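Written below as structure tokens is the structure these notes are about.
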Amino acid sequence: MSRNDLAEEVLQEAFVRIWHNASRYNENLSAPMTWMVNITRNLAIDQLRKHREVPLTDDQADLLIDESPSAHEQLDSQREARALERCLDTLEGMQRKSIITAYFHGVSNTDLATQLAAPLGSVKSWIRRGMERLRRCLES
């Protein structure tokens, strides 16, 4: 069987599996395309292993290892991001702006003080108090 024939077989089987399992798709676990690509990828790997005349070397087997985050890890990450966003929304304006600029945009406290035209001590206090509020919010 040629590679093109195998590819067509995998794609056909992927369409069938996606169709039959569509009711099991959970949008909270992954995007639709990610879900479909994972089904197709797993089928392709299974076909390659099934039609392999020579066993895979360790290096080849290592190349097949999928180190991308699992659906559960992606879900946990999304939950954490939503929780962080919710908690950031509870902060006062300058605390929120200082934390977002410093931590998400990588701006130093000194540069942030210059950007905000505020004393360095105030910027450090906004960040320190804001981080404490974030910690308490995320723990609750």
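Read-outs throughout are calculated quantities, based only on the coordinates presented, and are distinct from any laboratory measurement. Treat the numbers as computed from the prediction; the structure is a model and nothing was measured. Methodologically, a virtual Cβ is constructed for each residue, glycine included, from the backbone with ideal geometry; neighbour enumeration extends over all protein chains shown.
Across bins of 5 angstrom width beginning at 0, how are the C-alpha pair distances of the chain distributed, in whole percent?
Bins of 5 Å from zero give 2, 8, 13, 12, 10, 9, 8, 7, 8, 8, 7, 5, 3, 1, 0 percent of pairs.
If you place +1 on the Cβ of every Lys and Arg and -1 on the Cβ of every Asp and Glu, how big does the dipole about the Cα centre of the chain come out, in debye to the nearest 20?
For the chain, the charge dipole is close to 940 debye.
Using the Karplus curve 6.51 cos²θ - 1.76 cosθ + 1.60 with θ = phi - 60°, what ³J(HN,Hα) values do you get for each residue of segment 74-82, in whole Hz, with x for Gly and Pro?
So the Karplus estimates, Gly and Pro as x, are 5, 5, 4, 5, 5, 4, 5, 5, 5 Hz.
For a quick protection proxy, order the peptides 112-121, 25-34 by their average other-Cβ count within 10 Å, most packed first.
Going by the mean number of other Cβ atoms within 10 Å, highest first, we get 112-121, 25-34.
Could you state the principal axis extents of the C-alpha atoms in segment 3-68, from the largest down, to the nearest angstrom?
38, 27, 15
Say the dipole of segment 90-140 comes from +1 at the beta carbon of Lys and Arg and -1 at that of Asp and Glu; which of Ile99, Met131, Gly121 then lies farthest toward its positive end?
So the residue we want is Met131.
Tell me, what is the percent relative contact order of segment 72-139, built from C-alpha pairs under 8 Å that lie six or more residues apart?
Here the relative contact order equals 39 percent.
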